[in-house]
1. Once fully extended, how much extra length lies between Ala73 and Val16, figured as 0.36 nm per residue of separation less the alpha-carbon to alpha-carbon distance?
2. For Rg/Rh (Cα atoms, Kirkwood Rh), pick the label among [x] 0.98; [y] 1.12; [z] 0.96 that corresponds to the value derived from the coordinates.
3. Test of understanding: ordering Arg7, Arg96, Arg110 by Cβ neighbours within 10 Å, fewest first, what list do you get?
4. Excluding Met117 itself, calculate the net charge of residues whose Cβ lies under 12 Å from the Cβ of Met117, where each Lys or Arg counts +1 and each Asp or Glu counts -1.
5. What FRET efficiency comes out for Ile139 versus Trp92 if R0 is 25 angstrom and r is the Cβ-Cβ distance? Round to the nearest 0.05.
6. Using a cut-off of 14 Å between beta-carbons, work out the net charge of the residues near Thr41 (Lys and Arg +1, Asp and Glu -1, Thr41 not included).
7. For segment 1-97, count the residues as N, evaluate 2.2 N^0.38 Å, and divide the Cα radius of gyration by that value, please.
8. Where does each of Trp92, Trp135 land when they are ranked from fewest to most other beta-carbon atoms within 10 angstrom?
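What follows is calculated from the coordinates using simple rules that are stated; it is not laboratory data. Computed from a prediction, not measured in an experiment: that's the story for all the values here. A quick note on method: Cβ atoms are made from the backbone with ideal geometry, for glycine too, and the neighbour counts reach across all protein chains shown.
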Amino acid sequence: MVSRERRSFILIYVAVFGALSIVLSSIRVSFPLGNPNLGSTPVSIAAAASPGIAAFAVGLIKGIGVSLWTGQALIEIPAGIGDGMMGVLTSWLSRRVNPVLAVALGQLSRYVFTSGMIALSLTISKSYPGFLEAWIAMIPAITASIIVNLVLSTAAVAGLRRFYPSVFKRP
């Protein structure tokens, strides 16, 4: 059973990292293959140090918040769900392997989770005729996003692990 203090900490953690993911989504990195944003980095950091449900909630907050901000709900909400799924996987992996490796593998899982959810959403809405074509068309942009977020999130987790190792202790 999770203590009341731990639940409060997790709720604060979700709120802070959820807000941070919305703000970082507005930072776009110019890249020839697409313009990735940094929104999934807070999801990865939260996943490395908290339960999977908290990481999933941060991903949902990111998706809903960014869709309200940009008006692109058809893309951003599925991206948030996919990032939340990535967060659950990262959280699970961080209990079994080095948290930095877990974050790197989690970011790579966005090829399946995030781009898959976006492709599924676009296909269902009939904006694109085929699921596979939509998914393949996103590979350059999602690759750019994964590279940028992988570098930033692994550096952040490595730094936290070195200077604040208590963040990664689980009850």
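1. Values: separation 57, 0.36 × 57 = 20.52 nm, distance 2.20 nm.
Working it through step by step, the gained length comes to 18.3 nm.
2. Computed from the coordinates, Rg/Rh (Cα atoms, Kirkwood Rh) corresponds to [x].
3. Numbers: Arg7 11, Arg96 8, Arg110 26.
Placing the least packed residue first, the sequence is Arg96, Arg7, Arg110.
4. Values: positive: Arg110; negative: Glu76, Asp83.
Once positives and negatives cancel, what remains is -1.
5. Values: r = 25 Å, r/R0 = 1.01.
Here the calculated transfer efficiency is 0.50.
6. Numbers: positive: Arg28, Lys62, Arg110; negative: Asp83.
After counting each charged neighbour, the total is +2.
7. Details: Rg = 13.6 Å, N = 97, 2.2 N^0.38 = 12.5 Å.
The value comes to 1.08.
8. Working: Trp92 16, Trp135 20.
Ranked by crowding around the Cβ, least crowded first: Trp92, Trp135.
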